[in-house]
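For reference, the structure is listed below as structure tokens.
The values are calculated or read from the model by the stated rules, or taken from the named source; none is laboratory data. Since we're looking at a predicted model, the values are computed, not measured. Every residue, glycine among them, receives a Cβ derived from its backbone with ideal geometry; neighbour counts consider all protein chains shown. Just so you know, the surface numbers come from the protein's heavy atoms only, side chains and all, with ligands and any DNA or RNA stripped out. Shrake-Rupley method; radii C 1.70, N 1.55, O 1.52, S 1.80 Å.
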Amino acid sequence: MIIPIRCYSCGKLIGNRWEKYLQMLLRKAEEQEKEDREHPEDKTKPKPAPEKEVLDELGFTRYCCRRMMLTHVDLIEKVMNYNIYEKRGFQAQMEDDEDDAAMSDAA
Ligand SMILES: [Zn+2]
């Protein structure tokens with residue numbers, strides 16, 4: 001869903017660095033693309049993964065914290081598409097609240 005605030009294993013604060021992590025990865029990818037265009041002969045040379053460099057720069061030294069960042073799937077944007085109140089508008093929410101109130105009165 002969203003990045004957990006702390007590492008599950010060691011408790012290190014990681015949630016505050018998610019956005020920065022994504023920005024740095026994007027920047028690294030752009031730099032790599034530019035470098036490949038300028039020096040196509042270097043393309044076959046082995047390089048460290050951009051994720052490794054970014055995680056090192058952000059100070060994630062333990063592998064438990066690194067796996068949190070590497071394996072996280074940010075689903076919140078997709079889940080937000082199923083927010084029924086946003087689709088039907090505020091009025092629908094008010095009607096639902098009235099229905100709930102009526103049901104609790106009946107019980
Ligand atoms: Zn950790």
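Here R66 clears all of (1) surrounded by 14 or more Cβ atoms within 10 Å (Cβ to Cβ); (2) over 15 Å from I3 (Cα atoms) except the condition numbered (2). Checked against the criteria, I76 counts as closer than 25 Å to I5 by Cβ, at pLDDT below 90 and of a type outside the set (D, E). What residue, of Y63, Y82, is at pLDDT 80 or above and farther than 20 Å from S9 by Cβ? Answer to the check: Y82.
Restricting attention to the stretch 36-51, does a residue exist that is charged (D, E, K, R) and at pLDDT 95 or above? No, because not a single residue in the stretch 36-51 is charged (D, E, K, R) and at pLDDT 95 or above. Within the stretch 17-46, residues that are in contact (Cβ under 8 Å) with a residue 24 or more places away in the chain and hydrophobic (A, V, I, L, M, F, W, C) have Cβ atoms under 7 Å from residues that are assigned to a helix (DSSP H, G or I) and surrounded by 11 or more Cβ atoms within 10 Å (Cβ to Cβ) in these pairs: M24/V54; M24/E57; L25/P50; L25/E51; L25/V54, counting only partners at least 6 apart in sequence or on another chain. Kindly provide the set of residues from the stretch 52-63 that are within 13 Å of the ligand (Cβ to nearest atom) and surrounded by 14 or more Cβ atoms within 10 Å (Cβ to Cβ), ordered by number. Answer for the stretch 52-63, where residues must be within 13 Å of the ligand (Cβ to nearest atom) and surrounded by 14 or more Cβ atoms within 10 Å (Cβ to Cβ): L55, L58, F60. In the stretch 3-28, the residue that is nearest to the ligand (Cβ to nearest atom) out of those that are touching a Leu at 6+ places or on another chain (Cβ under 8 Å) and open to solvent by 100 Å² or more (accessible area, probe 1.4 Å) is R6.
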